[in-house]
Amino acid sequence: MNQSGSRLSVSYAEVRSWHRPLTIMVAAMSALVVVASVGLFADGRELLQQSVWAKPLKFGASFVMYGATLAWLIPKLRRARRTMWIAGTVFAVAGLIDVGFIAVQAARGTFSHFNAGTDPFNQIGQQIFSTGVFGLFGASLIVAVMLLFQRVGDAALTWALRAGIGLAVLGMALASFITGWTSAAGRRTVEDAYGSPVPLVGGHGVGAPDGGGMPLTNWSTTGGDLRVPHFIGLHSVQVFVLTVLVLAALASRIGLLRHERVRAQLTGVVILAYSALFTITAWQALRGQSLIHPDAATWTALAATAVMTALLAALAVTAAHRDQPAHRDELAHGETTAPADHRPATTPS
């Protein structure tokens, strides 16, 4: 792994160096995932044909992945370290508050999102919940901007993190657009887990009301759903970093991948393809079309993305084959100068 330049191996000592508030948040979210998983089977209450614990489980798992990524990343950013620490802390606190509210509302057997109920706990909670959303978005945006001005590892990893956090911010922005897009349908009344009426203003769907969607995700099967591109964007950073890991692991067996530029180019191909998928699903949702019922235009866009991805990957591999003698010379030169190249890495930051 060190040969590839990605340096993505994780030890216990390194975990201890992660951003502490975010690490605490990840631990709390992990505990929520366990509790919500038990609740799926032990608690028969439902909201819109879904277990009351489905939403806490989804949010808990999502924050574990994204929060762990930020907890690992922020200590590696060498510029504006205090600002980065504050941004990470804001994200951790906002995440604990917002997901905590979701969990409490689930335990109460009622809705956390779009709930216009007049009981005092819900009204106060909705105000805090809305504030937390801005904290999550703002902290992620600051990290995304700072990544533009510094490297983390080799070129492949740096671009994976830049593009991943950037798409995550776009996914969050799209999520904040959900209420504004769908609230034009007006207020509707649904039942909570106890059969009591609850007024909802807004929703996740475009062209169809929430409820009766896909298993677990509850994404709409009859209309557009902006949660689809939101999810794809939010977790792009994990996909991109996993790509870097796979390419780094294959570098020991495939000579072409031992060169940093080749891995960076192939990572770029994955970033472009995934960004296209994000754009297509957002376009599909905004047209009121379900993810599982694409029309000819959506299929055409997906096919064009697949073709362009294959073409770009082929071009990168072909160019790598053509430049292989030069790559071997560079690698040989790098090996002879390795001690000098790695000397700065041993100095304390």
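The values are calculated or read from the model by the stated rules, or taken from the named source; none is laboratory data. What you see is a predicted model; the values in this text were computed from it and never measured. Cβ coordinates were reconstructed from backbone atoms using ideal geometry, including for glycine residues, and neighbour counts include every protein chain displayed.
For the stretch 274-300, a tally of residues being in contact with a helix residue (DSSP H, G or I) (Cβ under 7 Å, 6 or more places away or on another chain), surrounded by fewer than 17 Cβ atoms within 10 Å (Cβ to Cβ) and within 22 Å of Leu170 (Cα to Cα) returns 0. Take Ala193 and decide whether it is at pLDDT 90 or above, over 13 Å from the mean Cα position of the chain (by Cα) and crowded, with 17+ Cβ neighbours inside 10 Å. When the stated conditions are applied, Ala193 passes them.
Conditions (1) surrounded by 18 or more Cβ atoms within 10 Å (Cβ to Cβ); (2) aromatic (Phe, Trp, Tyr); (3) within 23 Å of Phe240 (Cα to Cα), marked per residue:
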residue: Leu73; (1), (2), (3): yes, no, yes
residue: Trp85; (1), (2), (3): no, yes, no
residue: Gln105; (1), (2), (3): yes, no, no
residue: Phe129; (1), (2), (3): yes, yes, no
residue: Leu136; (1), (2), (3): yes, no, yes
residue: Ser140; (1), (2), (3): yes, no, yes
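Of the residues making up the stretch 21-49, those that are in contact (Cβ under 8 Å) with a residue 12 or more places away in the chain, closer than 20 Å to Ser196 by Cα and surrounded by fewer than 20 Cβ atoms within 10 Å (Cβ to Cβ) are Arg45, Glu46, Leu48, Gln49.
In the stretch 144-159 there is no residue that is assigned to a helix (DSSP H, G or I), hydroxyl-bearing (Ser, Thr, Tyr) and at pLDDT below 90.
Just one of the listed residues (Phe59, Phe91, Phe101, Phe111) is closer than 20 Å to Pro215 by Cα, part of a helix (DSSP H, G or I) and either touching a helix residue (DSSP H, G or I) at 6+ places or on another chain (Cβ under 8 Å) or not small (Gly, Ala, Ser) (or both), namely Phe59. Taking the residues in the stretch 101-118 that are over 26 Å from the mean Cα position of the chain (by Cα) and at pLDDT below 90 as candidates, determine which candidate is farthest from Asn218 (Cα to Cα). So the residue we want is Thr118. The number of residues in the stretch 41-52 that are under 14 Å from Thr217 (Cβ atoms) and either part of a helix (DSSP H, G or I) or not hydroxyl-bearing (Ser, Thr, Tyr) (or both) comes to 3. Checking the stretch 238-252 against the condition returns a match, with at least one residue being under 30 Å from Trp72 (Cα atoms), more than 22 Å from the chain's Cα centre (by Cα), assigned to a loop (DSSP other than H, G, I, E, B) and modelled with pLDDT under 90. Scanning for something more than 30 Å from Val198 (Cα to Cα), in contact with a helix residue (DSSP H, G or I) (Cβ under 7 Å, 6 or more places away or on another chain), modelled with pLDDT of 85 or more and not polar (S, T, N, Q), does the stretch 2-13 turn up at least one residue? Taking every residue of the stretch 2-13 in turn, none turns out to be more than 30 Å from Val198 (Cα to Cα), in contact with a helix residue (DSSP H, G or I) (Cβ under 7 Å, 6 or more places away or on another chain), modelled with pLDDT of 85 or more and not polar (S, T, N, Q). Pairing residues of the stretch 80-99 that are free of Cβ contacts under 8 Å to residues at least 60 places away in the same chain and more than 22 Å from Gly125 (Cβ to Cβ) with residues that are among the hydrophobic types (A, V, I, L, M, F, W, C) and assigned to a helix (DSSP H, G or I), at Cβ distances under 7 Å and at least 6 apart in sequence or on separate chains, gives Ala87/Ala139; Ala87/Ile142; Ala87/Val143.
Table: residues versus (1) under 18 Å from the mean Cα position of the chain (by Cα); (2) charged (D, E, K, R); (3) at pLDDT 95 or above.
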| site | (1), (2), (3) |
| --- | --- |
| Leu272 | yes, no, yes |
| Ala276 | yes, no, yes |
| Arg287 | no, yes, no |
| Thr298 | no, no, yes |
| Met308 | no, no, yes |
| Ala314 | no, no, no |
| Ala320 | no, no, no |
